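Remarks on the structure that follows.
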Protein chains: 2
Amino acid sequence: MSSAPKLYIGLLHYPVYNKNMNVITTSITNLDIHDIARTACTYDIARYYVIHPLDTQRRLIGDILNYWQEGYGASYNPDRKEAFQRVKLIDTLDSAMQEIEKVEGQVPKLITTDARIYPNTISYKEMRKLLDTGDPYLLLFGTGWGIEKETMLKSDYILEPIYGAGPYNHLSVRSAVAIILDRLKGTPWWE
Amino acid sequence: MSSAPKLYIGLLHYPVYNKNMNVITTSITNLDIHDIARTACTYDIARYYVIHPLDTQRRLIGDILNYWQEGYGASYNPDRKEAFQRVKLIDTLDSAMQEIEKVEGQVPKLITTDARIYPNTISYKEMRKLLDTGDPYLLLFGTGWGIEKETMLKSDYILEPIYGAGPYNHLSVRSAVAIILDRLKGTPWWE
């Protein structure tokens with residue numbers, strides 16, 4: 001097992017689908033920042049990229065982050081400050097990939113998630129093993145009604161859908177990130 | 001394995017602690033309703049009790065639920081309507097316990113969660129087995145800084161803390177519910 005965390009995560013706001021399968025840019029949701037930052041910190045994720053093309057949206061969220069990192073929030077809730085240190089606002093998926101390549105010295109493998117099965121669908125058990133090799137990975141989550149097809153086609157691996165106890169499969173992205181990181185990086189509680 | 005779902009969950013807004021360990025009543029958070037209802041539906045939870053003593057708070061949330069169950073939201077997003085059918089607003093933990101007793105014909109066992117270890121702490125592996133017996137259980141989550149001590153002492157079982165990959169342990173309740181239900185009711189993906 002490698003010592004340094006090499007798993008990065010990203011939350012994509014463009015290009016994603018809306019309900020009618022048109023490609024759109026979604027707004028950043030405040031609790032997506034908080035909840036996913038806390039989950040990322042719990043599972044020792046190297047960095048959590050919030051990917052949004054609009055400078056105005058990134059500035060707005062930058063102010064919120066700043067409040068918790070440097071402002072009153074940092075002293076009121078130091079745990080939140082710690083979680084937010086892993087958050088980085090960035091404009092595109094490509095920029096995130098390039099930044100990881102600079103840090104790690106190699107292009108990260110891209111992992112996405114989808115409710116459907118593809119030829120490169122991988123199980124959580126297999127992915128958990130791959131993460132132990134120490135190679136860098138970027139695990140990408142979509143907002144809206146899912147990641148646009150062209151981006152999906154760039155993924156090296158697609159994680160299998162989360163099966164619960166029935167046919168219903170509409171978790172929030174916040175819940176999906178929590179479950180997936182627990183499966184990939186949590187303690188092996190089932191042993 | 002029993003056929004009917006006998007696992008109930010509850011989100012407690014009183015009595016819980018604030019940061020300074022005073023007993024308080026927290027406000028209901030809108031996304032706690034949405035996210036946890038969707039997770040409960042995914043894992044086929046019998047019912048999700050939102051426990052709040054104040055009639056005014058329950059009425060406010062009742063309006064939100066009604067929008068998604070009967071109003072415009074129900075036709076805009078039928079998946080949300082389905083998830084919200086499992087949500088029930090109730091005044092106290094005791095009322096929830098009594099209602100489950102009426103439905104199931106026996107008093108449910110109470111399970112809580114905590115970041116500390118107690119004499120009746122149980123592992124996820126053991127709890128998963130107990131759920132297969134078909135007995136009714138109510139799994140209770142706290143808001144604020146955790147469930148008040150007297151209520152904790154009523155629990156039959158306390159689930160062990162969620163261990164991530166480091167010392168940080170400050171998940172949102174929405175993320176904690178997602179991870180715990182996946183461990184207790186998710187498909188055995190590790191096999």
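The values are calculated or read from the model by the stated rules, or taken from the named source; none is laboratory data. These figures come from a predicted structure and were not determined experimentally. A quick note on method: Cβ atoms are made from the backbone with ideal geometry, for glycine too, and the neighbour counts reach across all protein chains shown. SASA here: full protein model, heavy atoms, side chains in, ligands and nucleic acids out. Shrake-Rupley method; radii C 1.70, N 1.55, O 1.52, S 1.80 Å.
Annotations
- Qualifying residue in the range B:4-13 (condition: over 16 Å from B:Leu139 (Cα atoms), outside any strand (DSSP E or B), away from every other protein chain (no Cβ under 14 Å) and at pLDDT 95 or above): no
- If you filter the range A:124-176 down to residues that are touching a strand residue (DSSP E or B) at 6+ places or on another chain (Cβ under 8 Å) and acidic (Asp, Glu), you find that the one that is least open to solvent (accessible area, probe 1.4 Å) is A:Glu148.
- B:Phe84 being open to solvent by less than 50 Å² (accessible area, probe 1.4 Å), in contact (Cβ under 8 Å) with a residue 24 or more places away in the chain, within 23 Å of B:His52 (Cα to Cα) and within 12 Å of chain A (Cβ to nearest Cβ): yes
- Leading residue by the ranking (surrounded by the fewest Cβ atoms within 10 Å (Cβ to Cβ)) among those in the range A:49-81 that are in contact with a Gly (Cβ under 8 Å, 6 or more places away or on another chain) and not β-branched (Val, Ile, Thr): A:Tyr67
- For the range B:148-165, filtered to residues that are modelled with pLDDT of 95 or more and of a type in the set (A, V, I, L, M, F, W, C), the residue that is nearest to B:Val177 (Cα to Cα) is B:Leu159.
- Hey, A:Arg183 under 13 Å from the mean Cα position of the chain (by Cα), open to solvent by less than 50 Å² (accessible area, probe 1.4 Å) and basic (Lys, Arg) or not: no
- All told, A:Asn20 meets the bar of being open to solvent by 40 Å² or more (accessible area, probe 1.4 Å) and closer than 27 Å to A:Tyr168 by Cα.
- Among residues of the range A:70-81 being in a helix (DSSP H, G or I) and out of contact with any helix residue (DSSP H, G or I) (no Cβ under 6 Å at 6 or more places or on another chain), the one that is farthest from B:Pro167 (Cα to Cα) is A:Tyr72.
- Any chance B:Trp190 is at the interface with chain A (Cβ under 8 Å from one of its Cβ atoms), open to solvent by 20 Å² or more (accessible area, probe 1.4 Å) and either touching a residue at least 24 places away in the same chain (Cβ under 8 Å) or assigned to a loop (DSSP other than H, G, I, E, B) (or both): yes
- Looking at B:Ala115, B:Ala40, just one residue is open to solvent by 50 Å² or more (accessible area, probe 1.4 Å) and within 14 Å of another protein chain (Cβ to nearest Cβ), and that residue is B:Ala115.
- A:Lys102 fulfils the conditions (1) part of a helix (DSSP H, G or I); (2) more than 14 Å from chain B (Cβ to nearest Cβ); (3) in contact with an Asp or Glu (Cβ under 8 Å, 6 or more places away or on another chain) except for a single criterion, (3).
- Boolean, A:Ala96 is assigned to a helix (DSSP H, G or I), more than 14 Å from every other protein chain (Cβ to nearest Cβ) and touching a helix residue (DSSP H, G or I) at 6+ places or on another chain (Cβ under 9 Å): no
- No other residue among A:Leu138, A:Leu181 is within 24 Å of B:Leu184 (Cα to Cα) and either more than 13 Å from chain B (Cβ to nearest Cβ) or touching a residue at least 60 places away in the same chain (Cβ under 8 Å) (or both) apart from A:Leu181.
- Looking at B:Lys129, B:Lys125, just one residue is outside any strand (DSSP E or B) and within 8 Å of another protein chain (Cβ to nearest Cβ), and that residue is B:Lys125.
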